[in-house]
1. Report, by residue number, each residue of region 157-206 that is among the charged types (D, E, K, R) and more than 26 Å from LYS294 (Cβ to Cβ).
2. For region 51-75: of the residues being among the hydroxyl-bearing types (Ser, Thr, Tyr) and within 22 Å of LYS23 (Cα to Cα), which is nearest to the ligand (Cβ to nearest atom)?
3. Which is surrounded by 15 or more Cβ atoms within 10 Å (Cβ to Cβ), touching a strand residue (DSSP E or B) at 6+ places or on another chain (Cβ under 7 Å) and either part of a loop (DSSP other than H, G, I, E, B) or of a type outside the set (Phe, Trp, Tyr) (or both), of THR231, THR277?
4. If you go through region 1-24 one residue at a time, do you hit one that is crowded, with 17+ Cβ neighbours inside 10 Å, within 12 Å of the ligand (Cβ to nearest atom), in contact (Cβ under 8 Å) with a residue 40 or more places away in the chain and not in a helix (DSSP H, G or I)?
5. Got a sec? Which of VAL108, VAL48 is buried (at least 19 other Cβ atoms within 10 Å of the Cβ) and at pLDDT 95 or above?
6. Which of (1) away from the ligand (no atom under 16 Å from the Cβ); (2) out of contact with any Leu (no Cβ under 9 Å at 6 or more places or on another chain) does GLN177 not meet, given it meets every other one?
7. Test LEU155 against the criterion of being within 18 Å of the chain's Cα centre (by Cα), buried (at least 18 other Cβ atoms within 10 Å of the Cβ) and more than 27 Å from ALA216 (Cα to Cα), and give yes or no.
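The values are calculated or read from the model by the stated rules, or taken from the named source; none is laboratory data. Predicted model, so just to flag it, every value in this text is computed and none were measured. No Cβ is skipped: glycine too gets one built from the backbone with ideal geometry, and neighbour counts run over all protein chains shown.
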Amino acid sequence: MAASGRLGTFRLPPLPTIRELIKLFRLRALKQLSQNFLLDLRLTDKIVRQAGNLRHAHVYEVGPGPGGITRSILNAGVAELLVVEKDIRFIPGLQMLSDAAPGKLRIVHGDVLTFKVENAFPESLRRQWEDDPPDVHIIGNLPFSVSTPLIIKWLENMSRRDGPFTFGRTQMTLTFQKEVAERLTASTGSKQRSRLSVMAQYLCHVQQVLTIPGRAFVPKPEVDVGVVHFTPLTQPQIEQPFKLVEKVVLNAFQFRRKYCHRGLSMLFPKAQRLESTGKLLELADVDPTLRPSKLSVSHFKSLCDVYRKMCDEDPHLFAYNFRDELRQLATKTLKGKNTKERATH
Ligand code: SAM
């Protein structure tokens with residue numbers, strides 16, 4: 001039986017190296033697309049191992065490029081790998097990989113920001129949210145300019161249990177600029193604690209599993225890279241709509257160096273700011289003199305719950321944006337100044 005298990009293990013046949021492939025298809029990295037490639041397959045194997053056991057899994061790889069990580073995923077014995085690549089120059093090289101792994105690799109020339117993975121894998125893979133994570137994984141080494149907006153989008157999907165999370169608690173293993181990886185995983189009180197830390201951690205278990213030096217990429221980026229693994233929590237730590245949590249967190253971190261009441265006060269129109277901020281902090285039982293970085297996810301839970309009640313009581317409150325109020329004030333002042341000037345001429 002052990003022998004048949006071994007026979008079932010898939011390995012790619014000998015292929016040109018990634019470096020040779022890049023030469024063959026003239027795949028010069030495009031600076032405007034922030035392309036940095038991983039050529040060392042031992043390193044791509046190491047990244048892919050961070051995703052866990054991929055045997056018989058369905059994997060969605062974002063931004064495969066010349067296919068280093070793609071090869072490692074295929075060698076991990078997956079049932080199916082779906083790759084979405086925006087740059088058409090990579091498609092022939094990926095096609096070569098697909099020919100070497102018959103029936104395993106599906107290639108889509110498209111944009112990960114709009115691609116709907118929920119329609120791409122069989123419904124039979126779906127699990128209940130409370131069950132163990134499904135056999136669906138997302139893996140990718142994307143340009144930093146894409147990975148940050150993408151993770152915000154996926155966190156919102158996660159909170160609604162749609163998109164890639166229609167399958168259940170789909171796990172993700174993604175690369176980020178090291179500084180962003182540190183922000184995603186920063187604990188309460190640490191220097192890197194930020195909006196991203198709270199938004200990621202109220203929804204998932206987030207762990208930086210690997211750091212890759214910039215010199216491992218071709219061409220070498222300015223910074224080192226962190227590999228981050230996300231597993232959605234069975235129970236989010238804050239049970240309010242994503243947009244509401246985002247608004248509270250965004251405001252709280254608005255003035256990082258000031259006491260938290262300063263940023264939180266901007267949730268309220270000027271006329272009621274003092275009173276409403278006091279009420280919010282008192283009902284949420286949060287010390288107004290804590291710095292934003294000292295606020296835990298449980299502090300944010302209380303703040304979001306109280307703010308939600310306040311929004312339910314005042315239907316205009318959620319739509320309030322202090323920047324709009326500032327803009328209106330500036331326009332009014334300018335108009336007043338112009339009228340005065342015209343009167344004096
Ligand atoms: N995964 C490869 C590796 O590790 O060597 C390539 C990494 S390179 C940093 C990022 C890849 O993502 C490039 O191939 C780029 O063309 C692709 N990409 C960038 N934006 C994308 C998007 N919006 N949708 C799909 N692919 C994208």
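1. The answer is ARG160, ARG161, ASP162, ARG169.
2. Applying the filter and picking the extreme gives THR70.
3. Numbers: THR277 fails: touching a strand residue (DSSP E or B) at 6+ places or on another chain (Cβ under 7 Å).
Going through THR231, THR277 in turn, the sole match is THR231.
4. Initially, region 1-24 is screened for residues crowded, with 17+ Cβ neighbours inside 10 Å, giving 18, 21-22.
This time we only want the ones that are within 12 Å of the ligand (Cβ to nearest atom), so: 18, 21-22.
Imposing the further condition that a residue be in contact (Cβ under 8 Å) with a residue 40 or more places away in the chain reduces the set to 18, 21-22.
Next, from what is left, pick out any that are not in a helix (DSSP H, G or I): none.
No, region 1-24 contains no residue that is crowded, with 17+ Cβ neighbours inside 10 Å, within 12 Å of the ligand (Cβ to nearest atom), in contact (Cβ under 8 Å) with a residue 40 or more places away in the chain and not in a helix (DSSP H, G or I).
5. Testing whether each residue is buried (at least 19 other Cβ atoms within 10 Å of the Cβ) and at pLDDT 95 or above leaves just VAL48.
6. Of (1) away from the ligand (no atom under 16 Å from the Cβ); (2) out of contact with any Leu (no Cβ under 9 Å at 6 or more places or on another chain), only one is false for GLN177: (1).
7. Taking the combined requirement at face value, the residue satisfies it.
Every residue, every condition in (1) free of Cβ contacts under 8 Å to residues at least 24 places away in the same chain; (2) over 25 Å from SER190 (Cβ atoms); (3) within 32 Å of the chain's Cα centre (by Cα); (4) part of a loop (DSSP other than H, G, I, E, B), yes or no:
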{"position": "GLU282", "(1), (2), (3), (4)": "yes, yes, no, no"}
{"position": "PRO288", "(1), (2), (3), (4)": "no, no, yes, yes"}
{"position": "LEU303", "(1), (2), (3), (4)": "no, no, yes, no"}
{"position": "ARG308", "(1), (2), (3), (4)": "no, yes, yes, no"}
{"position": "HIS316", "(1), (2), (3), (4)": "yes, yes, yes, yes"}
{"position": "ALA319", "(1), (2), (3), (4)": "yes, yes, yes, yes"}
{"position": "LEU329", "(1), (2), (3), (4)": "yes, yes, no, no"}
{"position": "THR339", "(1), (2), (3), (4)": "yes, yes, no, no"}
